[in-house]
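Peer 1: After the structure tokens below, expect a handful of questions from me.
The values are calculated or read from the model by the stated rules, or taken from the named source; none is laboratory data. Remember, predicted model here, so these are calculated numbers, not experimental data. As a convention, Cβ positions derive from the backbone with ideal geometry for all residues, glycine included, and neighbour counts pool all protein chains shown.
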Amino acid sequence: AHVGQEVTLCGWIQYQRQGLFLVLRDFQGLTQIIIPQDEAHSHVKKVLYDAPVESVVRVTGTVTSRPPGQKNPRMPTGDIEVKVKTAEVLNSCKKLPFEIKDFIKKSEALRMQYRYLDLRSFQMQHNLRLRSQMVMKMREYLCNLHGKRNISSEYLGAKEFVVPSREPGRFYCLPQSPQQFKQLLMVGGLDRYFQVARCYRDEGSKPDRQPEFTQIDIEMSFVDQAGIQRLIEGLLQYSWPNERGPITTPFPSMSYAEALAEYGTDKPDTRFGIKIIDVSDVFRSVEIGFVQNAVNKPQGTVKAICIPQGARHLQNKDFESLKESAKSQFNQCLVLGNMRLETANLLESRGLVLRDPTAFHFLWVVDFPLFLHKEENPAELESAHHPFTAPHPSDTSLLYSEPAKVRSQHYDLVLNGSEIGGGSIRIHNAEQQRFVLETVLKEDPELLSHLLEALKCGAPPHGGIALGLDRLICLVAGAPSIRDVIAFPKSFKGRDLMSNAPDYITPEELEPYHIQVAWPAAEAEGRKHQLM
């Protein structure tokens, strides 16, 4: 379409060949640039020939069709090239620690250290562009089509990262989510809220977690669980990238009990079978002591996973590996759930395709227990989701007599075996909220007196959900880690290798916050040498 036109392009030199042509890279992609060879343009040739790879240049020239046989169908611009008339080096580039090419293997530590260079790669540019497009479509859907208000709620005030104030002995904390504040917005009459919220978690990084992460945070008044689910299904359908194919709504739903019974996890990957099955009837007549002990106990069962043609594809060492995995765990369903995933990994390593990487299987998991027994003290209960989750309407009476049996109005959204969102209908009655905090959870309700007071002031029924944006984009992009869809992430250990954070600060910098640091002995010695 641009053949014959004169254009000016700015970008980075991706590749140069013997002063004949170069490939120019910008945010839109790659363009082949033909370097003039005639004497009249010798200065242009010298400028481009002498410029190191990854230098920033500006070129002006005419768009022409490539000669027959030289077109490149693998490039979007493979039918054309630009014959240069003028060229200017805007900034030269030194020798880089790695080449800006996706097929060149780099360690993750090196990528994190030079993140500003890693961002130049095609894959990173694609991932961040995809993220931007999906967030823009989500804002459009929530604001323009559903009339929600994009309101920034307060962050300082909950748990996790501690932030010193200049008041002696007083600190802020950075929250994992704006949970209480968005509920207070509902009390304030702002019936539809959403925010692209930055949240914080003071723990090490994992492939699907970061110390700071982003949520699509939503809260609504006068809504039920089905209403929240319909909204999220519509949101994802509207923002879903065309190149990933359409997604079908409504998403299937499964209870927490069903998920554990059939898949051994509350985050089942439904792209493949190999479900857990009850084989108790088969084993009732088997005269083996531990089997009889299992089937004769109240509600005792014998369960297994069936692997079609497993004997053909799995080797003895694979079965030994699975047995070792089973020995380290004691919950029957969780053992089989983990073995199901390990078996899938083993079968796929043998060439079988069980999990289509281009398929996207969404699943709602519902009817979670409201409370769980604490691992360290099974006589006490803790919230399965958070203490503001409302009980299931059918189980409300059990809350005051047998709270361990109460189901909740908590729902998780799972995609290909990864939890990408979770939410609940909230308690909007102050007395019920106080009972949960004080009587069931044995917490001091005065720590949440502001919320309890607000619930007494005509709080409407309300509920919400938060989608983990980083994890969602990671799955959509097919990236190996959420670090590949965040511009400046932290390392696996939660460090910023580029700016060397977290770092030491001087006693003088600590003084306004009335803080003294007690260094471990070895670290104190190293710190002393740093300051000398």
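Peer 1: Does Ala430 qualify as being of a type in the set (Gly, Ala, Ser) and modelled with pLDDT under 95? First the steps, then the outcome.
Peer 2: Details: of a type in the set (Gly, Ala, Ser): yes; modelled with pLDDT under 95: no.
No; evaluated as a whole, the condition is false for this residue.
Each row is one residue, and each column tells you yes or no for (1) modelled with pLDDT under 85; (2) in a strand (DSSP E or B).
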| position | (1), (2) |
| --- | --- |
| Gly351 | yes, no |
| Pro357 | no, no |
| Leu372 | no, yes |
| Pro378 | no, no |
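Peer 1: So how many residues does the range 100-118 have that are surrounded by 15 or more Cβ atoms within 10 Å (Cβ to Cβ), assigned to a loop (DSSP other than H, G, I, E, B) and either over 23 Å from the mean Cα position of the chain (by Cα) or not charged (D, E, K, R) (or both)?
Peer 2: Result for the range 100-118: 2.
Peer 1: Can you find even one residue in the range 465-480 that is touching a residue at least 60 places away in the same chain (Cβ under 8 Å), outside any helix (DSSP H, G or I), surrounded by fewer than 16 Cβ atoms within 10 Å (Cβ to Cβ) and under 28 Å from the mean Cα position of the chain (by Cα)?
Peer 2: Looking through the range 465-480, at least one residue is touching a residue at least 60 places away in the same chain (Cβ under 8 Å), outside any helix (DSSP H, G or I), surrounded by fewer than 16 Cβ atoms within 10 Å (Cβ to Cβ) and under 28 Å from the mean Cα position of the chain (by Cα).
Peer 1: Condition test on Arg209, is it in the same structural domain as Met136 (by TED's automatic domain parsing), surrounded by fewer than 21 Cβ atoms within 10 Å (Cβ to Cβ), out of contact with any Phe, Trp or Tyr (no Cβ under 9 Å at 6 or more places or on another chain) and of a type in the set (D, E, K, R)?
Peer 2: Numbers: in the same structural domain as Met136 (by TED's automatic domain parsing): yes; surrounded by fewer than 21 Cβ atoms within 10 Å (Cβ to Cβ): yes; out of contact with any Phe, Trp or Tyr (no Cβ under 9 Å at 6 or more places or on another chain): yes; of a type in the set (D, E, K, R): yes.
Yes; evaluated as a whole, the condition is true for this residue.
Peer 1: Among the residues of the range 364-402 satisfying the criterion of being within 28 Å of Ser418 (Cα to Cα) and of a type in the set (Val, Ile, Thr), which is surrounded by the most Cβ atoms within 10 Å (Cβ to Cβ)?
Peer 2: The qualifying residue surrounded by the most Cβ atoms within 10 Å (Cβ to Cβ) is Val365.
Peer 1: Looking at the range 453-463, which of the residues that are crowded, with 22+ Cβ neighbours inside 10 Å and under 31 Å from the mean Cα position of the chain (by Cα) is nearest to Pro178 (Cα to Cα)?
Peer 2: Step one: list which residues in the range 453-463 are crowded, with 22+ Cβ neighbours inside 10 Å, which gives 455, 462-463.
Remaining after also requiring under 31 Å from the mean Cα position of the chain (by Cα): 462-463.
Values: His462: 15, Gly463: 13 Å.
Ranking the qualifying residues of the range 453-463, first place goes to Gly463.
Peer 1: Sticking with this one: Quick test for you: out of Ile13, Ile34, pick the one residue that is under 34 Å from the mean Cα position of the chain (by Cα) and of a type in the set (Val, Ile, Thr). I'd like the intermediate steps shown before the answer.
Peer 2: Values: Ile34 fails: under 34 Å from the mean Cα position of the chain (by Cα).
After ruling out the rest, the residue left standing is Ile13.
Peer 1: Do we have any residue at all in the range 193-208 that's β-branched (Val, Ile, Thr) and assigned to a strand (DSSP E or B)? Spell out how you get there, then give the answer.
Peer 2: Filtering the range 193-208 for residues β-branched (Val, Ile, Thr) gives 196.
Still in the running and assigned to a strand (DSSP E or B): 196.
Checked the range 193-208: at least one residue is β-branched (Val, Ile, Thr) and assigned to a strand (DSSP E or B).
Peer 1: In the same structural domain as Arg192 (by TED's automatic domain parsing), outside any loop (DSSP other than H, G, I, E, B) and farther than 25 Å from Leu472 by Cβ - does that describe any residue in the range 259-282?
Peer 2: Checked against the condition, which is being in the same structural domain as Arg192 (by TED's automatic domain parsing), outside any loop (DSSP other than H, G, I, E, B) and farther than 25 Å from Leu472 by Cβ, the range 259-282 yields no hits at all.
Peer 1: Within the range 76-92, which residues are farther than 17 Å from Arg17 by Cβ and surrounded by fewer than 16 Cβ atoms within 10 Å (Cβ to Cβ)?
Peer 2: Pro76, Asp79, Lys85, Thr86, Glu88, Leu90, Asn91, Ser92
Here's the yes/no breakdown for (1) at pLDDT 95 or above; (2) surrounded by 21 or more Cβ atoms within 10 Å (Cβ to Cβ); (3) of a type outside the set (A, V, I, L, M); (4) assigned to a strand (DSSP E or B):
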site: Ala404; (1), (2), (3), (4): yes, no, no, no
site: Ile420; (1), (2), (3), (4): yes, yes, no, yes
site: Ile425; (1), (2), (3), (4): yes, yes, no, yes
site: Leu437; (1), (2), (3), (4): yes, yes, no, no
site: Lys442; (1), (2), (3), (4): yes, no, yes, no
site: Leu451; (1), (2), (3), (4): yes, yes, no, no
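Peer 1: Which of the residues that make up the range 340-366 are under 14 Å from Phe272 (Cα atoms), of a type in the set (A, V, I, L, M, F, W, C) and touching a residue at least 40 places away in the same chain (Cβ under 8 Å)?
Peer 2: Leu341, Ala344, Leu347, Leu354, Ala359, Phe360, Phe362, Leu363
Peer 1: Okay, moving on. Taking interchain pairs and intrachain pairs at least six residues apart, which have beta carbon atoms under 8 angstrom, with the first residue in the range 486-513 and assigned to a loop (DSSP other than H, G, I, E, B) and the second aromatic (Phe, Trp, Tyr)?
Peer 2: Partner pairs satisfying both residue conditions: Met498/Tyr114; Met498/Tyr116; Met498/Phe488.
Peer 1: Might you check whether a residue that is among the charged types (D, E, K, R) and in contact with a strand residue (DSSP E or B) (Cβ under 6 Å, 6 or more places away or on another chain) occurs anywhere in the range 384-399? Even if it seems obvious, please write down each step before you answer.
Peer 2: Looking only at the range 384-399, we keep the residues that are among the charged types (D, E, K, R), and these are 395.
Then drop every residue that is not in contact with a strand residue (DSSP E or B) (Cβ under 6 Å, 6 or more places away or on another chain), which leaves 395.
Checking the range 384-399: at least one residue is among the charged types (D, E, K, R) and in contact with a strand residue (DSSP E or B) (Cβ under 6 Å, 6 or more places away or on another chain).
Peer 1: Could you list, ordered by first residue, the pairs with Cβ atoms under 6 Å in which the first is in the range 41-70 and not assigned by TED's automatic domain parsing to the domain that holds Leu117 and the second is assigned to a loop (DSSP other than H, G, I, E, B) and β-branched (Val, Ile, Thr), at least 6 apart or interchain?
Peer 2: The qualifying pairs are Lys45/Ile35; Leu48/Ile35; Val63/Val3; Ser65/Val3.
Yes or no, residue by residue, for (1) part of a loop (DSSP other than H, G, I, E, B); (2) in the same structural domain as His410 (by TED's automatic domain parsing):
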| residue | (1), (2) |
| --- | --- |
| Ala304 | no, no |
| Ile307 | yes, no |
| Ser321 | no, no |
| Leu363 | no, yes |
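Peer 1: Among (1) touching a helix residue (DSSP H, G or I) at 6+ places or on another chain (Cβ under 7 Å); (2) at pLDDT 90 or above, where does Val302 come up short?
Peer 2: The number of the failed condition is (2).
Peer 1: Here is a follow-up. Being closer than 30 Å to Ile247 by Cα and modelled with pLDDT of 80 or more, is that true of even one residue in the range 308-316? Talk me through it step by step, then tell me what you get.
Peer 2: Initially, the range 308-316 is screened for residues closer than 30 Å to Ile247 by Cα, giving 308.
Right, trim to modelled with pLDDT of 80 or more and you get none.
No, every residue in the range 308-316 fails to be closer than 30 Å to Ile247 by Cα and modelled with pLDDT of 80 or more.
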